Amino acid sequence: MDLRVRIRSRRSSEKEDQSPFPHSTTAAVAATTGGQGRGDEEEEEREGEEEMDEEQPLSPAARLFVQRNFDCHVIAILGLGRPIDVATSISALGLTLGKHPRFCSIMDESGSGAPKWIRTKVCIPDHIVMPPLEEGKELPPDFVEAYVGKITGIPLDKSKPLWELHLLNGKTQDAEATAVLKVHHSLGDGISLLSLLLACTRKVSDPESLPTIPRPRRRGSERKQGLLSFLAGLWLLLQVMWYSFIDCFLLMATALFYKDTNNPIKGSKGMQSRPKLIVHSTLSLDDIKLVKHAVSGTVNDVMLGLATAGLVRYMNRRYAKTNGVDDERPSIPSNIRVRTTLLFNTRETPGLHELAEMMKGNGNVKWGNKLGYMIIPIPMKMHKDPMDYVREAKAIADRKKMSLEAYFSYYGGLLIAKLFGFKLATAMCHNILANTTFSFSTVIGPTEEVEFFGNPIVYIAPTVYGHPHALTIHFQSYVNKVKLVISVDEESVPDPRQLCIDIEECLAKIKNSLNKKIGDKIEILSTQK
């Protein structure tokens, strides 16, 4: 039977419930919404029959993410300001995610040729999972973490579009309810998926307006003329060429044989297929900006420095415990090599893009997976002054900004896949991650509070799993806060909350030190007057 025919003929009442939680059936969701999301759309289904018959091959990056040892997923945890109205949510999903080409396509791998996307009609209740919770009742501590951890160990059903939305109508310490969006990475990268998610939101202050996403400032187009300007430009070009050569050589070496030192957080073989524990904590964006101005750097520089500072403290404690010594003394081996694989957006315009802009496919700004890798060395040495971690991170970041490594990794991977096949390309991408220690990424979020289908969002905590790293550190800004999200394989990192605490304490120490210096300057100026 044709795959599209089978999908159209499916009914949730005939399917076995694949949820890990009792009574969270799609039939129950349909009953809650009065069957909304199926019968009301039959006319649209007839009108869209021709469009649904469209078939498109998977992009090279999408094919990478469906390989056996690289089955990656994106998780976005949304804290909400009030209990979820299920009927409203399903109706709104049908007009947003349910209309997106990738969210209403199934993956066909049955043919002898390349896998392809096949358009199908989406039954929204089939993608909603609701565990039986008493609305308004406070959930047990760590309930959401345990729930999310459990669903990371359950594969998505490939007989329908590869996404799910889990609705937890119970209070937590941070929110009145929680929504968890689980999406297969083949549908798009984090920038694309977060853009789509934000396209489903509106400003709380203006329900008719899309959220505002800050864009990095661009340098002016005016250029100074003259010999000195020419020589400076030539020197910059030579630096870019030299650093790019070094970084691309090390990237290829990492893909083939160059490994990080075995260490407590590097993880063991097969970790990508094990469930993940995802924890998060909240940092002040104003505090991070205070540090940024102090080092004349960027927010990303500070985040990398904080992650380094927290990891050094955490790793030193682990080594000290193993060696039976005081964890206040340096215990990390001096010759240890620790690197992070930083995900870099290769689109022409940095940052997030409006969904409409991506879907037009103008130039390089379009939907899909457009991420490259940058390998960042992490110095594992203890500093008395926590600000030194940020200064060191800024120096490393400034150096990496003069390299085309990320573009080489993205376009080089596509070229290898085209010339030598996806098995080799997948193996090399897998090795880049397996031979480094952890993943790191940062994403800019809305600058004002937004609502998700009429429900105010309290926080956004995204991450990724399914790749060969035991630790992933993600920073997500939203309004005046930053969510620090840590995803771990518990066999390698059994206490991720302690790592969160280490990072939080480093930021607090830096802030207190800076405030003291500012206070001293004010006192000196006042005495001089």
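Each value in this text was obtained by applying a stated rule to the coordinates, not by laboratory testing. Just so you know, these numbers come straight off a predicted model, no measurement behind them. We place every Cβ from the backbone using ideal geometry, glycine too, and count neighbours over all the protein chains shown.
List of remarks:
- Alpha-carbon centroid distance for the pair segment 372-392 / segment 465-523, whole angstrom: 13
- Geometric extent, Cα atoms of segment 115-205 - Rg, Dmax (angstrom): 15.0, 45
- Sparse packing (at most 13 other Cβ atoms within 10 Å of the Cβ) combined with a DSSP loop state is found for none of the chymotrypsin sites (Phe, Trp or Tyr not before Pro) in segment 114-196.
- Taken along the Cα-to-beta-carbon direction at a fixed 7 Å, the label points for residue 384 and residue 88 span 5.7 nm.
- Simple spin-label estimate for residue 508 and residue 245 in nanometres, 7 Å along Cα-Cβ: 4.9
- The packing ranking of peptides 430-440, 276-286, 382-392, highest mean first, is 430-440, 276-286, 382-392, where packing means the average number of other beta carbon atoms within 10 angstrom of each residue.
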